[in-house]
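Data first, discussion second: the structure below is written as structure tokens.
The values are calculated or read from the model by the stated rules, or taken from the named source; none is laboratory data. Treat the numbers as computed from the prediction; the structure is a model and nothing was measured. Note that each Cβ is placed from the backbone with ideal geometry, even for glycine, and that neighbours are counted across all protein chains shown. Please note that ligands, DNA and RNA were not included when accessible areas were found on the heavy atoms of the full protein model with its side chains. Shrake-Rupley method; radii C 1.70, N 1.55, O 1.52, S 1.80 Å.
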Amino acid sequence: MKLTLPDKSVKELPKGVTGLDVAMSIGPGLAKSAIAVNIDGEQKDLSDPINADCSLSVITLDSDEGLEIMRHTTAAQVLALAIKSIYPDSKLAIGPTIENGFYYDFHTEDSISTEDLPRIEEEMRKIIKEKSEIGKSFHDKKSAIDQFKKLSEDYKVKIIEESDQAQDFQIYKNEKSEFIDLCRGPHLPNLSHIGAFKLTKVSGAYWKGDSSNEMLTRIYGTAWRNKKELDQYLVQLEEAEKRDHRRIGKDLDLFSIQEDAGGGLVFWHPNGSRIRSEIENYWKNEHEKAGYELLYTPHIALDTLWQTSGHTDFYEESMYTPIDDENQSYRLKPMNCPFHVLIYKDKLRSYREFPIRWAELGTVYRHEMTGALHGLMRVRGFTQDDAHVFCAEDQIEQEISGILELAINMLNKFTFTEFEIHLATRPEKYVGSEEIWDKATDALTDALNQRGLNYEIDEGGGAFYGPKIDIKIKDAIGRLWQCSTIQLDFNLPERFDMRYIGSDGQRHHPIMIHRALLGSVERFFGILVEHFAGKFPLWLAPVQVCVIPINQKQHDYADSVYKILKKNGLRAEIDLRNEKIGSKIRDHTLNKVPYMVVLGDREVCDEEITIRTQKGDDLGNMKLESFLERVTEEINN
């Protein structure tokens, strides 16, 4: 049996060897640090036998895969056991990993709050100190059901009963406590590999996310390789809480989510609308300079359009149900691409028109579960900064390269300079042939290599219609956010029978490139609020300057200064309240206004202004013309 390792070397070993055997054959050091293996892209336990030729890599805690497995084991084998130890009558549901951590859902008659978490953590530490081996056994459906029925684990029984598989249900066992759990795995071979952890919060969660089902208790936690990594994350978590866009959005009166209109729908207030307008104006200007033309398309279309595009086959769970009208069914659009296709098909195109670049700030609608909604980050209606490029095959690399340059330049404008780039390949459910997918993936790879960009492969992460490039930005406190995506599509042009006349006089299918640079205006806005902690740069600030007279004697002069600022295009306000000057300055500082123009008798007499910044700096006296030059330069730069 031949095993191909990551360095392309090949090991010949007998059938039936385990992942641990392979690690030992490479070296005892690797065997000691090994926690699982990856076989042909699928994670397996170290104890699983290998019976066929394959590509294999050994997983250690140093990798992202290894960290996720450690977190999963912390949830399924440590937190779950601690819950059963403290609350013996509780019933276990599910315990998956999430970004930077894990959670476990369970049912209990006891009321559990955050005050109970230290006690649960202490029990978890006792369990980890045992350094128990984690064993695994395989069972058929009946055997697995019987085991969990004996333990009165009703949710595990439901999971097994509703499964399509008949064999190979994996049951993991803590060898010292006899605790068992049903799990897809893999798990750590023993608990000595678990590093530092902390439980973070308690919430309610419906079984299977369905509000018609019973409410369960959900305990969240995070786990890291060591205490240093955990402490760094907890500091980041604390800073993230301070920067929460929902709180800052309310404090600065930027937006609201009106439950009376339905959750997940954003209402933009004047302050937020000013910032959004600046973002959109910048977006439009940059696209026009890059050769794009702007489109506007409807919000609904016949259901048959989404059948032709393939959305109802591959995306229906995220779409709203049809709206019936005059014996026809319509749907709210989940994406803009089929609409751009229809505009393309409005006439026969020629290769001389290529590349065609069309962009739209198009509002789309996604059916999100109530429990998944989160401020501006996860909503039901959002504005996609969408664009589609139609080109010939020999123009792909040049177009992808141009999109990458536009994306990075725009993200730099918002002060994002650190990125992670991922090339996402063919998913399990896809349309089109493997040959087309390989062709598309090679084109994206060539474009990335041509620009000399570092990237990682995201196996199976592509859209159902084509591979894609995803760009993740790193914010001010080190968090990564998925924003820009570039997707190559050989499939929709065929499904819609899109054509153009080539230089040979024959009809051909165009290449279609889907791309969004900010992702969605709403989510990107939320990211910006947290990135800047509400202290927007001058060009984005909803109020750039506030004119503050000390008392009524300066009101006339203040009004003249205010009007000049407005005439010069600044978003200015004037504060004529009968309040003490210190109180006024404090209020506008809390409102994150970048500049405050303070006016007293001396300023009136000298026809000057005194400038204070949001940071508390006193820039002293200057002529209004000098201040206008200063802020104009700051905005332009």
At a 1.4 Å probe radius, carbon and sulfur cover how many percent of the accessible area of the chain? 46 percent
What aspartates and glutamates does residue 567 reach when the alpha-carbon gap must be under 20 Å and sequence neighbours fewer than 8 apart in one chain are set aside? 278, 556, 559, 575, 607, 608, 625, 629, 633, 634
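With N residues in region 105-167, what two-decimal value do you get for its Cα radius of gyration over 2.2 N^0.38 Å?
1.49
Considering only Cα-Cα distances, which of the following residue pairs are longer than 18 Å: 156/201; 84/156; 84/150; 91/158; 84/141; 429/468? Before the final figure, lay out the partial values.
Working: 156/201 24 Å; 84/156 14 Å; 84/150 15 Å; 91/158 12 Å; 84/141 24 Å; 429/468 15 Å.
Long pairs (Cα-Cα over 18 Å): 156/201; 84/141.
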So if each residue of separation counts as 0.36 nm, and I subtract the Cα-Cα distance between residue 100 and residue 535, what length gain in nm does that give? 153.9 nm
Over the Cα atoms of region 86-224, what radius of gyration and what Dmax do you get, in Å? 15.3, 42
Per residue of region 311-318, what does 6.51 cos²θ - 1.76 cosθ + 1.60 with θ = phi - 60° give for ³J(HN,Hα)? Whole Hz please, x for Gly and Pro, Karplus curve as stated. 5, 5, 7, 10, 9, 4, 5, 9
Region 139-216: GluC sites (Glu not before Pro) in DSSP coil with no more than 15 other Cβ atoms inside 10 Å: 162, 175, 178, 214
Only sites in a loop by DSSP and with at most 13 other Cβ atoms within 10 Å count here; which chymotrypsin sites (Phe, Trp or Tyr not before Pro) in region 249-315 make the cut? 296
Go through 326, 573 and list them by solvent-accessible area, largest first, probe radius 1.4 Å. 326, 573
In whole angstrom, largest first, the equivalent ellipsoid semi-axes that the Cα gyration tensor gives for region 509-553 are 41, 13, 7
The equivalent-ellipsoid semi-axes of region 324-417, taken as the square roots of five times the Cα gyration tensor eigenvalues and listed largest first in whole Å, are 29, 25, 9
How much accessible area per residue does the chain have, counting only protein heavy atoms and a probe of 1.4 Å, in square angstrom? 48 Å²
Just one of (1) 1.14; (2) 1.06; (3) 1.00 is Cα Rg over 2.2 N^0.38 Å calculated from these coordinates, so which is it? (1)
Under 8 Å for C-alpha pairs, at least 6 residues apart: give me the relative contact order for the chain, rounded to a whole percent. 9 percent
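Taking 37 °C and 0.692 mPa s as the conditions, I'd like the Stokes-Einstein D for region 385-530 in µm²/s, using the Kirkwood hydrodynamic radius from alpha carbon pairs.
D = 206 µm²/s.
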Just to confirm my numbers, what's the Cα centroid distance between region 386-403 and region 441-503 in Å? 11 Å
How far, in nm, would the chain grow between residue 47 and residue 238 when pulled straight, counting 0.36 nm per residue and subtracting the alpha carbon separation? 64.8 nm
Between region 536-552 and region 104-143, what is the separation of their alpha carbon centroids in Å? 54 Å
With label points built 7 Å along Cα→Cβ from the Cα atoms of residue 438 and residue 5, find their separation and express it in nm. 2.8 nm
Kirkwood Rh in Å, taken over region 154-278 so that all alpha-carbon pairs contribute: 19.6 Å
Spin-label model distance (nm) - residue 55 vs residue 260, 7 Å beyond Cα toward Cβ: 5.7 nm
Show which lysines lie in cross-link reach of residue 535 when reach means a straight Cα distance below 23 angstrom and same-chain residues fewer than eight apart are skipped. 242, 250, 413, 472, 474, 566, 584, 592, 615
Rounded to the nearest 10 Å², the accessible area of residue 546 using a 1.4 Å probe with every protein chain kept is 0 Å²
Using protein chains only and a probe of 1.4 angstrom, how many square angstrom of residue 225 are accessible, to the nearest 10? 70 Å²
Check cross-link reach from residue 15 to the lysines: straight Cα distance under 23 Å, and skip same-chain residues fewer than eight apart. 2, 32, 44, 136
Of the DSSP H helices in the chain, the ones reaching 20 Å or more along their long axis in Cα terms and averaging at least 0.0 in Kyte-Doolittle hydropathy are 396-413
Considering only DSSP beta bridges where both residues belong to region 494-637, give the percentage that are antiparallel (nearest 5). 55 percent
Distance between Cα centroids, region 240-278 to region 313-379: provide it in whole Å. 24 Å
Expressed in whole Å with the largest first, what are the equivalent ellipsoid semi-axes of region 255-387 derived from the C-alpha gyration tensor as the square root of 5 times each eigenvalue? 27, 24, 11
Could you give each residue of region 599-607 its phi-based ³J(HN,Hα) in whole Hz, using Karplus coefficients 6.51, -1.76, 1.60 with θ = phi - 60°, and x for Gly or Pro? 10, x, 4, 5, 5, 5, 5, 8, 6
